[in-house]
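What follows draws every value from the coordinates through simple rules; no lab data is involved. Please read all numbers here as calculations on a predicted model, not as lab measurements. We place every Cβ from the backbone using ideal geometry, glycine too, and count neighbours over all the protein chains shown.
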Amino acid sequence: MKTELAIPSDLKFLAVVEDWLLNSLKAELGTAVNLDWNKVESRLRLVIVEVYSNVVRHAHQDRPDIPVVLHLGVEGSFLSLKVWDEGHGFDISDYQTPSPSAPQEGGYGWLILHQLMDRVDYQLRVANGRNCLTLEKDLAVTIDYSK
């Protein structure tokens, strides 16, 4: 299954984005895959809130006229989510992982994405000047946070 959502860059649409992602997954996967929906839903809700709000606030800088485009693909229990934005982007080589001994202003979202997803990839100016964040996750694999 593949589906796409183009939505204004405005946080008032955040619930729409969350519902689109979660309801698309539920419609496609149903009970075909044995998942703990409470865990899946809470983790993906955190991921999509982080991603969409960062695009709205940072990439598009509160310009609702620039759409955020989301592509969702599901094959078996494997999820692929691509998020396209038209912002300036950010240089991943400048990213500094937050440390408990040296708190910092930002960077926690990138850390969260890497903890919750199997693969995170960010490409600047991939198509028509747009940036693409790709997130992948096998929903049937449980994340072990005890490490």
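For LEU5, put the label point 7 Å out on the Cα→Cβ axis and report which residues of segment 76-94 keep their amide N under 18 Å from it. Correct set: 79-86. Each Lys and Arg adds +1 at its Cβ and each Asp and Glu adds -1 at its Cβ; summed about the Cα centre, the chain shows a dipole of about 80 debye. Between [x] 55, 39, 33; [y] 65, 44, 35; [z] 40, 40, 27, which matches Cα extents along the principal axes in Å calculated for the structure shown? Here the calculated entry is [z].
If R0 is taken as 41 Å, the Cβ-Cβ distance between ASP62 and HIS114 corresponds to a FRET efficiency of 0.95.
Each Cα pair under 8 Å and six or more residues apart adds its separation to the average, and for segment 2-138 the resulting relative contact order is 25 percent.
Which lysines have a Cα lying under 21 Å from the Cα of LYS137, excluding residues fewer than 8 positions away in the same chain? Counting by Cα, and skipping residues close in sequence, LYS137 has these lysines nearby: LYS2, LYS26, LYS39, LYS82, LYS147. Legend: calculated FRET efficiency, ALA27 to ASP121, from the Cβ-Cβ distance at R0 = 25 Å, rounded to 0.05, equals 0.45.
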